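Asks: Okay, handing you the structure first.
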Amino acid sequence: MSYAISTSGLNAATQSLNTISMDIANSATVGYMEATTTFSALYTGGQAAGVSSGYTTQNFSALGTTTFTGRDLDMAITGDGFFITQGSDGQTYYTRAGNFHQDEDGYIVDSNGNRVQGYPVDENGNVMTGQLDDLQLKNGSMPPMPTSDVDLGMNLDQSAVEIIRDVDGDGIEEVPFDPANPNSYHSTNSTVVYDSMGNQHTVSQYYTKTADGTWEVNVYVDGQDANAYCTPPGPQTMTFDSDGNLTSGGNFTLEVPASDPIMGGANTLTIDVDMSETTQFATPFSNQLNSSNGYPAGEQTGVTVDESGMIFATYSNGEKMPQGQVVLAMFPNPEALSVANNTSWTESSESGMPLYGTPGTGIYGGIASQNLQASTTDVTGEMVYMMEVQRNYQANTKAIMVQSQMDQALMAIL
């Protein structure tokens with residue numbers, strides 16, 4: 001019986017050494033989780049029968065450090081959860097290794113070609129939640145988007161001296177408006193807009209105080225008078241109450257027809273201009289809001305991933321377009337997952353069904369882009385444990401040797 005007991009000890013030590021060797025071999029493997037082999041004592045009819053190798057588990061509580069790589073599609077999970085990938089055979093894998101790349105068809109894949117799963121986006125860039133699918137990047141240029149809205153907000157100086165356009169009602173302008181004459185207006189601002197072909201245009205407004213609480217706004221596009229293209233027809237009129245709040249005017253539609261030479265063959269440019277945030281206080285003119293939508297065409301320059309797992313393609317025009325969202329998986333019992341190649345795991349009956357969620361919500365960790373999770377192997381600790389296993393192995397060997405000597409002595413007596 002003692003031979004069997006010691007032999008089981010040797011087997012247990014060998015199993016421990018296998019686990020230690022695996023940990024050390026993967027000390028530089030991205031997403032690797034350090035493993036531990038458990039053991040239990042064996043008894044037969046109340047008599048000692050040795051030791052049994054239980055099972056090897058990987059520690060998912062120690063999540064490891066993240067290392068910056070600078071690669072666009074490298075991702076590290078900053079908390080709990082697993083990336084989800086799918087093989088060409090339909091098998092679903094779960095991994096902490098986020099060293100992904102783009103294949104020839106634009107799919108985001110791991111080093112084995114398994115496709116990363118998540119929520120795709122529709123043609124308008126809206127995330128389609130509910131059904132996991134392969135995440136795919138759309139390559140190519142971004143078409144231009146014509147400007148349709150301009151929002152302006154400023155303060156017009158209430159203390160400015162009025163500029164009289166018609167002093168006695170005879171129709172003779174005392175100071176006619178002229179954008180080249182700064183004495184014919186008080187202040188101005190400009191907004192860059194884009195037409196249907198992505199060409200850039202400049203819409204300028206010139207503000208003139210013509211009476212107490214009344215301002216005239218002349219609209220120009222690319223240096224040309226565009227008042228006739230405004231609805232209501234320009235010049236626009238803005239009025240303010242005694243508290244400096246806008247009471248009328250400030251909103252108009254600018255519609256530059258395609259037939260105008262400044263459009264250069266582009267479609268009619270229609271822009272809703274909102275100046276409702278404008279005030280009139282006795283302080284110098286200041287721009288507080290000047291924003292517009294629209295952009296020119298752009299070429300794809302790269303990919304970014306935010307903390308919520310949203311993937312964006314970036315373009316040379318400064319815009320970005322959603323490409324999809326990474327989804328993470330959690331398990332009731334992750335230590336019972338079945339080990340697979342490529343530093344990944346598969347679902348088992350003991351692990352429970354996967355629970356899906358987006359990064360950074362609830363119990364799911366966020367995404368650190370351009371980072372990778374390092375192996376959780378503690379090489380120093382493994383080396384110390386290796387010496388303990390070696391000592392146990394030698395002790396069991398010694399026990400077998402002593403038993404053999406005792407048997408020899410017994411046989412010599414007989």
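Asks: Looking at Gln205, Val193, Gln224, which one has the Cα that reaches farthest to the positive end of the dipole of segment 149-292 (charges on Cβ: Lys, Arg +1; Asp, Glu -1)?
Replies: Val193
Asks: Could you work out how far the C-alpha centroid of segment 323-369 sits from that of segment 168-235, in angstrom?
Replies: 60 Å
Asks: Between Glu255 and Val192, what is the label-point separation in nm under the 7 Å Cα-to-beta-carbon projection?
Replies: 2.8 nm
Asks: Would you mind getting me the FRET efficiency between Ala412 and Tyr43? Use the beta-carbon distance for r and R0 = 41 Å, nearest 0.05.
Replies: 0.80
Asks: Test of understanding: in a Gaussian network model of the chain with alpha carbons linked when under 10 Å, which of Pro354, Pro322, Pro182 would top the mean-square fluctuation ranking?
Replies: Of Pro354, Pro322, Pro182, the Gaussian network model singles out Pro182 as fluctuating most.
Asks: When the dipole is taken about the Cα centre of the chain, and only Lys, Arg (+1) and Asp, Glu (-1) are charged at their Cβ, what size is it in debye, to the nearest 20?
Replies: Rounded to the nearest 20 debye, it is 2940 debye.
Asks: Here is a follow-up. For the chain, build the charge dipole from Cβ charges (+1 Lys, Arg; -1 Asp, Glu) around the Cα centre, then report which of Ala313, Pro176, Asn245 sits farthest towards its positive end.
Replies: Farthest towards the positive pole: Ala313.
Asks: Explain nothing, just the number: dipole magnitude of segment 172-238 about its Cα centre with +1 on each Lys and Arg Cβ and -1 on each Asp and Glu Cβ, in debye rounded to the nearest 20.
Replies: 180 debye
Asks: Here are a few candidate values for semi-axes √(5λ) of the Cα gyration tensor in Å: (i) 78, 21, 16; (ii) 51, 26, 19; (iii) 34, 25, 22. Which one was actually calculated from the structure I just gave you?
Replies: Structure-derived value, by its label: (i).
Asks: Tally Lys/Arg at +1 and Asp/Glu at -1 over every other residue whose Cβ is under 11 Å from the Cβ of Gly366; what's the total?
Replies: That sum, taken over residues with Cβ under 11 Å, equals -3.
Asks: May I ask for the angle, rounded to the nearest 10°, between helix 379-413 and the longest principal axis of the chain, with both axes built from Cα atoms and the value confined to 0 to 90°?
Replies: Taking the Cα atoms of the chain, the angle to 379-413 is about 10 degrees.
Asks: Taking 0.36 nm per residue of sequence separation and subtracting the Cα-Cα distance, how much length would be gained by fully extending the chain between Ile262 and Asp122, in nm to one decimal?
Replies: Full extension of this stretch gives 46.9 nm more.
Asks: At a 10 angstrom cut-off on C-beta neighbours, averaged per residue, how do the peptides 209-216, 286-293 rank from highest to lowest?
Replies: 209-216, 286-293
Asks: Given the DSSP H assignment, sum -39500 (n - 2.57) over each helix run of at least 4 residues in the chain and divide by its residue total; what's the result at 222 nm in deg cm²/dmol, nearest 500?
Replies: That comes out to -5000 deg cm²/dmol.
Asks: What does the charge dipole of segment 93-233 about its Cα centre add up to, to the nearest 20 debye, if the Cβ of each Lys and Arg holds +1 and the Cβ of each Asp and Glu holds -1?
Replies: It comes to approximately 740 debye.
Asks: Please give the length that would be gained between Thr304 and Val161 if that part of the chain were fully extended, namely 0.36 nm times their separation in residues minus their C-alpha to C-alpha distance (nm, one decimal).
Replies: Stretched out fully, the Thr304 to Val161 stretch lengthens by 46.3 nm.
Asks: Taking R0 as 35 Å, what FRET efficiency do you get between Leu289 and His101 from their Cβ-Cβ distance, rounded to the nearest 0.05?
Replies: Given R0 = 35 Å and the Cβ-Cβ separation, E is 0.25.
Asks: For helix 2-25, report the angle its Cα long axis makes with the longest principal axis of the Cα atoms of the chain; keep it between 0 and 90° and round to the nearest 10°.
Replies: 20 degrees
Asks: Label-point separation (nm) for Ser349 and Asp274, each offset 7 Å from Cα along Cα-to-Cβ?
Replies: With each label placed 7 Å out from Cα toward Cβ, I get 6.0 nm.
Readers should treat all values here as calculations from the given coordinates under stated rules, not as data from a laboratory. From a predicted model like this one, the values you see are computed outputs, not experimental measurements. In this analysis, Cβ positions are derived from the backbone assuming ideal geometry, glycine residues included, and neighbour counts consider all displayed protein chains.
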